[in-house]
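The values are calculated or read from the model by the stated rules, or taken from the named source; none is laboratory data. A quick note: this is a predicted structure, and the numbers were derived from the prediction, not measured. Using ideal geometry, Cβ is built from the backbone for each residue, glycine included, and neighbour counts are taken over all protein chains shown.
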């Protein structure tokens, strides 16, 4: 680093020379674009639609580094995906850092580099941000807040509202579930499993845009993060008043997640994901959407995992591989804190 400092100091957040050096030598270096380089108090943006999608999220994950990513990559993916599943095209991000005094400068640079690389992959610009440094012991290493803005096509503006469901509509997911939560848990607790679980942390906006560009029949989208697939489906059943059947044999699960959940007593349907989208469509269109998703590297393991039904209104029921059934409830408590 040009500052010659190995650790973050309180003076890196005091608005003076060291803070400006940090901004120039680290944040501007990796996030550089014409809007950010103006370094004004507010970014002036151009949006090509009359309506925008606007979201914000904070990331407090522990540990900061995990198989498949780190807090920087996660901060971009989480916000980009919230915009994308709302039918928006992500355009701009703000990024704010709250850093604990004494945090290693090398680790911060790795995180910032990863954040910038994921933003490039997602084709979003980081146009404004903020940095605060707090006394040692007043923050656990590093927290990040990101806010995102996206442009919304009129035909997609109500895609998160779940307004037009019918019995027989299918539920699709783009791959294995529970990977992120189990990867973070394994890294945090230093489990020595033979099969390492890797987080699915990924920006899904390109995959989602491929689906929306080639299908006009998507009825609903949501990313099942905290609370997992079960929580999203329960929210959906409660909102629509319809029932949902899930086929246990159709759930895509990695061997590592299955083993960890069995050992630790977790239900993978309640485990967080950071690179998954749930889509609802009619049966015929669902097959077409499945074909589209499977051609994308983030959708190779896509599957139809269930259906909307008039039975058991307001409830989610899992049809087990043994022929039985059980109700899948919303997650209560927090068995995996600080996974995002």
Q. Can you find a residue in region 106-121 that is under 21 Å from residue 298 (Cβ atoms), touching a strand residue (DSSP E or B) at 6+ places or on another chain (Cβ under 6 Å), crowded, with 22+ Cβ neighbours inside 10 Å and touching a residue at least 12 places away in the same chain (Cβ under 8 Å)?
A. yes
Q: Scan region 217-252 for residues that are modelled with pLDDT of 95 or more and in contact with a helix residue (DSSP H, G or I) (Cβ under 6 Å, 6 or more places away or on another chain) and jot them down.
A: 222, 223, 224, 228, 229, 230, 244
Q: For region 110-117, indicate whether the set of residues that are in a strand (DSSP E or B) and modelled with pLDDT of 95 or more is non-empty.
A: no
**Q.** Of residues in region 25-72 being over 23 Å from the mean Cα position of the chain (by Cα) and not in a loop (DSSP other than H, G, I, E, B), the one nearest to residue 85 (Cα to Cα)
**A.** 36
Q) Would you say residue 336 is within 18 Å of the chain's Cα centre (by Cα), under 20 Å from residue 186 (Cα atoms) and assigned to a helix (DSSP H, G or I)? A) no
Q. Of all residues in region 287-333 being in contact (Cβ under 8 Å) with a residue 12 or more places away in the chain, under 23 Å from the mean Cα position of the chain (by Cα) and part of a helix (DSSP H, G or I), which is surrounded by the fewest Cβ atoms within 10 Å (Cβ to Cβ)?
A. 292
Q) residue 51: free of Cβ contacts under 8 Å to residues at least 12 places away in the same chain and under 30 Å from residue 209 (Cβ atoms), yes or no? A) no
**Q.** Filter pass, residue 93 being at pLDDT 95 or above and in a strand (DSSP E or B)
**A.** yes
**Q.** Check on residue 257, touching a strand residue (DSSP E or B) at 6+ places or on another chain (Cβ under 8 Å), at pLDDT 95 or above and assigned to a helix (DSSP H, G or I)
**A.** no
**Q.** Which numbered condition residue 97 misses (of (1) closer than 21 Å to residue 276 by Cα; (2) buried (at least 23 other Cβ atoms within 10 Å of the Cβ))
**A.** (1)
Q: Go through the residues of region 144-166 one by one and say whether even a single one is surrounded by fewer than 16 Cβ atoms within 10 Å (Cβ to Cβ), more than 29 Å from residue 237 (Cα to Cα) and in the same structural domain as residue 31 (by TED's automatic domain parsing).
A: no
Q.
Every residue in region 42-60 that is loosely packed, with under 11 Cβ neighbours inside 10 Å and at pLDDT below 90, please.
A. 46, 48, 50
